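A single structure is presented below for examination.
The values are calculated or read from the model by the stated rules, or taken from the named source; none is laboratory data. Being a predicted model, the structure only gives us computed values, none of them experimental. Virtual Cβ from ideal backbone geometry, glycine too; neighbours counted across all protein chains shown. Just the protein is used for accessible areas: all its heavy atoms, side chains included, with ligands, DNA and RNA removed. Shrake-Rupley method; radii C 1.70, N 1.55, O 1.52, S 1.80 Å.
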Amino acid sequence: MHTHVVFGLKGVRIWNPEAIRAGELLRLSCDYDLEGVPLYSIKWYFGDQEFYRFVPKESPPTRVFPLSGTTSVDISESDDHAVTLTNLPRDMSGHYKCEVSTDAPLFHTQIKESYITIIEEPQTQPLMFAGKLKYIKDEPVKINCTSYSAFPATNLTWFINDKKVTNSTKYAKTTAWVTNEDDGLQTSRSRLELSTHGEYFPGGRMTVRCESNQFMLYKKYSVIELMDDSPRLAQMISPTSVLRSGGPQASSADRFATGRVFVLVAYVAIRIAPSLLR
């Protein structure tokens, strides 16, 4: 019985960032294991459009194909494993593919691809609007948050007193939507609705934060502070709590205490009366 050992291409993988900012450079890396078989070519594609080729048998081994817009290949930073693109606009978001082919006699080919997003950040922090800043107990609260002109639309997240609002947050719910602008950018909007329960107002104040983010590249937020304007019960001290009356239902201790006060008042009056008559 004979065992045939088959060598060939395997382990093809792409290494790339999930997202980059528009205008930045993008470096893509393609790892592979030839297992001793000679390399025939490495080809890179954006969608189905080839933009870079490396063929070791050719001279020079590299070839570049034009991409639309301002994007170009930096040949000095590209080789048989990696390729570097510069000045990428947001419309270069999409699928990038690496095609590895071995030479004779096997002529194996493998293709791996990965999606990359080219972001455009908002020019301002998210804007928050509340109809008013003072609320009474159980009054409904509605707060809007808007993050303008980004690609893709930013994610908006709410925090109440530094605690993230989720589907399980009591007395609160959020609604989010995205609108498309004429220039291809997007605006994110979100509304927070809740009831002013006392637990949200420790010390009579509540902080609400709206956070806007894109991947791990962009994060900014805005904060507003709401106040509990519920009426407070007046803390008044009744005269009877200091000097209780001696009515029919008063205890003997009450009547004794009252009697002692009246005796003291009479004694003071007798002592100071002569001085007033001099």
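Just give me the residues in segment 197-215 being modelled with pLDDT under 95 and either part of a strand (DSSP E or B) or more than 15 Å from Val165 (Cβ to Cβ) (or both), in sequence order.
Residues satisfying the conditions are Gly198, Phe201, Pro202, Gly203, Gly204, Arg205, Met206.
Would you mind stating whether Arg27 is open to solvent by 50 Å² or more (accessible area, probe 1.4 Å), of a type outside the set (Val, Ile, Thr), in contact with a helix residue (DSSP H, G or I) (Cβ under 8 Å, 6 or more places away or on another chain) and in a strand (DSSP E or B)?
Yes; evaluated as a whole, the condition is true for this residue.
Looking at the structure I just gave you, is Tyr200 open to solvent by less than 80 Å² (accessible area, probe 1.4 Å), among the aromatic types (Phe, Trp, Tyr) and either in contact (Cβ under 8 Å) with a residue 12 or more places away in the chain or on the phi < 0 side of the Ramachandran plot (or both)?
For Tyr200, the condition - open to solvent by less than 80 Å² (accessible area, probe 1.4 Å), among the aromatic types (Phe, Trp, Tyr) and either in contact (Cβ under 8 Å) with a residue 12 or more places away in the chain or on the phi < 0 side of the Ramachandran plot (or both) - is met.
Of all residues in segment 37-49, how many are out of contact with any Lys or Arg (no Cβ under 6 Å at 6 or more places or on another chain), surrounded by 14 or more Cβ atoms within 10 Å (Cβ to Cβ) and closer than 26 Å to Arg90 by Cβ?
Summing the residues that are out of contact with any Lys or Arg (no Cβ under 6 Å at 6 or more places or on another chain), surrounded by 14 or more Cβ atoms within 10 Å (Cβ to Cβ) and closer than 26 Å to Arg90 by Cβ in segment 37-49 gives 2.
Give the number of residues within segment 125-144 that are modelled with pLDDT of 95 or more and touching a Phe, Trp or Tyr at 6+ places or on another chain (Cβ under 8 Å).
5
Hey, another quick one. Restricting to segment 208-225, count the residues that are out of contact with any Lys or Arg (no Cβ under 9 Å at 6 or more places or on another chain) and open to solvent by 50 Å² or more (accessible area, probe 1.4 Å).
4
Between Phe54, Phe65, which is open to solvent by less than 60 Å² (accessible area, probe 1.4 Å), more than 17 Å from Cys30 (Cα to Cα) and of a type in the set (Phe, Trp, Tyr)?
Unique residue meeting the criteria: Phe65.
Something else about it: Which one is nearest to Asp183 (Cα to Cα), of the residues in segment 73-88 that are open to solvent by 40 Å² or more (accessible area, probe 1.4 Å) and either part of a strand (DSSP E or B) or not polar (S, T, N, Q) (or both)?
Per the stated criteria, the residue is Asp74.
Can you pull out the residues in segment 104-158 that are surrounded by fewer than 18 Cβ atoms within 10 Å (Cβ to Cβ), of a type in the set (A, V, I, L, M) and either touching a Lys or Arg at 6+ places or on another chain (Cβ under 6 Å) or in a loop (DSSP other than H, G, I, E, B) (or both)?
Ala104, Leu106, Ile111, Leu133, Ile136
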